[in-house]
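Here's the structure, in structure tokens; my notes come after.
Just so it is clear, none of the values below were taken in a lab; they were calculated from the coordinates. Everything quoted here is computed from the prediction, not taken from an experiment. Glycine gets a Cβ as well: all are built from the backbone with ideal geometry, and neighbour counts include every protein chain shown.
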Amino acid sequence: MAAELYEIKLAGIVQETPDARSFVFEIPRHLRDKFKYRAGQFITFEIPFEGMQLRRCYSLASAPETDAWPKVTVKRVVGGRISNWFNDQLSVGDTIKATAPEGRFVLRDGADDRPLMLFGGGSGITPVISLMKTALVTTRRNVKLVYANRDEQSIIFKDELDLLVARFPGRVQVVHHLDADKGFMKPEDVVAEMAGFETADVYTCGPGPFMDTVEAALEQIGVAREHRFFERFVSPVDPDRREEAPAVAAPAEGGAPASFRFTFEGKTHEVPYDPSLTLLQAAEKAGHRPPSSCLDGYCGCCMALKKKGQVVMASREALTDADLERGWILTCQSRACSTEELEIDYDAPY
């Protein structure tokens with residue numbers, strides 16, 4: 001089942017740049033426990049659009065330690081149905097349906113002795129600035145942000161970033177990379193910016209090519225996988241734009257195990273398995289609530305590491321080739337395709 005939706009009210013709008021606005025939401029008292037979040041997480045919104053109910057995930061640009069209410073920032077996309085709907089249709093006082101915050105793009109527990117290196121591209125700054133604010137006010141970590149944009153007018157949160165630099169002198173650096181002046185960021189640019197931060201935890205969010213560039217550079221200089229974190233969002237194909245119904249992986253001829261194990265929040269569970277169900281559906285049928293959101297394979301919220309067994313996925317949109325090689329799967333899209341023992345781990349470090 002999709003994550004439960006709640007109604008929240010729009011309390012304020014901030015025009016960040018000519019094509020991006022921030023939306024601040026008031027959370028009713030009875031929902032405040034559900035909407036507690038960690039820096040770097042996201043909210044999924046359900047929007048009524050031309051007779052359809054469309055879902056989109058937006059990262060929180062607020063931080064729980066510094067901002068009274070959760071805030072998302074939405075940049076217009078040419079032809080983007082929901083990004084333009086947010087910017088054109090929402091008014092202060094309106095209510096909107098949203099899930100509770102979710103996501104794994106968060107600061108590692110026990111990493112307060114490591115510097116923090118952040119790469120943001122365009123509107124990918126939203127979860128990055130959230131991490132930045134939390135790290136600065138709750139730890140003594142040194143923080144460096146490299147923020148790539150088309151031009152100076154495109155810089156979201158410029159004033160807020162300037163204030164953070166002024167408030168935390170000696171602890172925070174902000175480097176603006178403007179494509180209009182320097183061209184698109186190249187791996188050698190990333191390597192140069194990493195100087196002095198080779199031991200940092202590195203968090204990256206932005207357009208696909210930008211993140212690929214950062215990842216290639218981190219690989220080149222040998223930053224360990226456990227210290228690299230990427231937030232990737234791919235918008236789902238709306239129902240009226242699908243050429244055909246989404247593919248559903250049928251039970252394979254290899255059969256399926258009678259049960260499988262999954263680890264979540266430090267506990268391991270064994271649940272019965274029906275090969276007509278996805279792994280996520282089987283876990284939910286057994287009474288568990290592992291993480292999930294879009295159910296279309298786009299948000300990556302239901303990722304788990306496959307430790308044993310074989311699965312087939314109907315969609316792998318939120319996963320890179322490197323993710324697949326390492327054994328990551330989307331449980332909302334995965335079915336067992338072998339009778340061998342199957343074990344997955346939601347808690348595994350990405």
When DSSP assigns beta bridges and you keep just the ones with both residues in the chain, what percent turn out antiparallel, to the nearest 5?
65 percent
Given a Förster distance of 41 Å, report the FRET efficiency between Thr95 and Gln153 from their Cβ-Cβ distance, rounded to the nearest 0.05.
0.80
Cβ charges +1 (Lys, Arg) and -1 (Asp, Glu), total dipole of the stretch 6-98, debye:
240 debye
Select from Cys299, Ala11, Ser59 the residue farthest towards the positive end of the dipole of the chain; place +1 on Cβ of Lys and Arg, -1 on Cβ of Asp and Glu, and compute about the Cα centre.
Ala11
Residue separation times 0.36 nm, minus the C-alpha to C-alpha distance between Met52 and Glu198: what's the value?
47.8 nm
Taking a cut-off of 18 Å between Cα atoms, list the lysines near Lys36, but don't count ones fewer than 8 places away on the same chain.
Lys9, Lys71, Lys97, Lys133
Between the alpha carbon centres of the stretch 283-305 and the stretch 185-227 the gap in Å comes to 29 Å
Which far-off residues, 5 or more places away or on another chain, put their amide H under 5 Å from the one on Lys307, with H placed in the peptide plane?
Glu343, Ile344, Asp345
Computed label-point distance, nm, for sites Asp212 and His269 using a 7 Å Cα→Cβ extension
3.8 nm
Can you tell me which of 92-104, 329-341, 24-36 comes out highest on packing, and rank the rest after it, using the mean Cβ neighbours within 10 Å?
329-341, 92-104, 24-36
Pairwise label distance in nanometres, Val78 with Leu5, each label 7 Å out on the Cα-Cβ vector
3.1 nm
Let a ≥ b ≥ c be the square roots of the eigenvalues of the Cα gyration tensor of the stretch 32-97; is it rounded (a/c under 1.5), or, if not, prolate (a/b larger than b/c) or oblate?
prolate
Could you compute the net charge surrounding Gly93? Neighbours are other residues with a C-beta less than 13 Å from the C-beta of Gly93; K and R count +1, D and E count -1.
-2
Can you tell me the dipole magnitude for the stretch 116-231 around its Cα centre, using point charges on the Cβ only (Lys, Arg +1; Asp, Glu -1), in Debye to the nearest 20?
480 debye
Distances longer than 24 Å among the Cα atoms of the chain: what percent of all pairs is that?
58 percent
Give me the net charge of Lys306's neighbourhood, meaning all other residues with Cβ under 10 Å from the Cβ of Lys306; Lys, Arg count +1, Asp, Glu -1.
+1
Distance between Cα centroids, the stretch 103-160 to the stretch 10-33: provide it in whole Å.
20 Å
Counting Lys +1, Arg +1, Asp -1, Glu -1, what net charge surrounds Ser334 among other residues with beta carbon under 11 Å of its beta carbon?
+3
Would you calculate, for the chain, the mean residue ellipticity at 222 nm contributed by helices, counting each DSSP H stretch of 4 or more residues as -39,500 (n - 2.57) and dividing by all residues, to the nearest 500?
-5500 deg cm²/dmol
The chain, dipole about Cα centre (Lys/Arg Cβ +1, Asp/Glu Cβ -1), debye to the nearest 20:
780 debye
For an R0 of 51 angstrom, estimate the FRET efficiency from the Cβ-Cβ distance between Thr66 and Ala286 and round to the nearest 0.05.
0.85
Straight-line reach from Lys285: which lysines have Cα under 24 Å away, leaving out those fewer than 8 places along the same chain?
Lys34, Lys267, Lys306, Lys307, Lys308
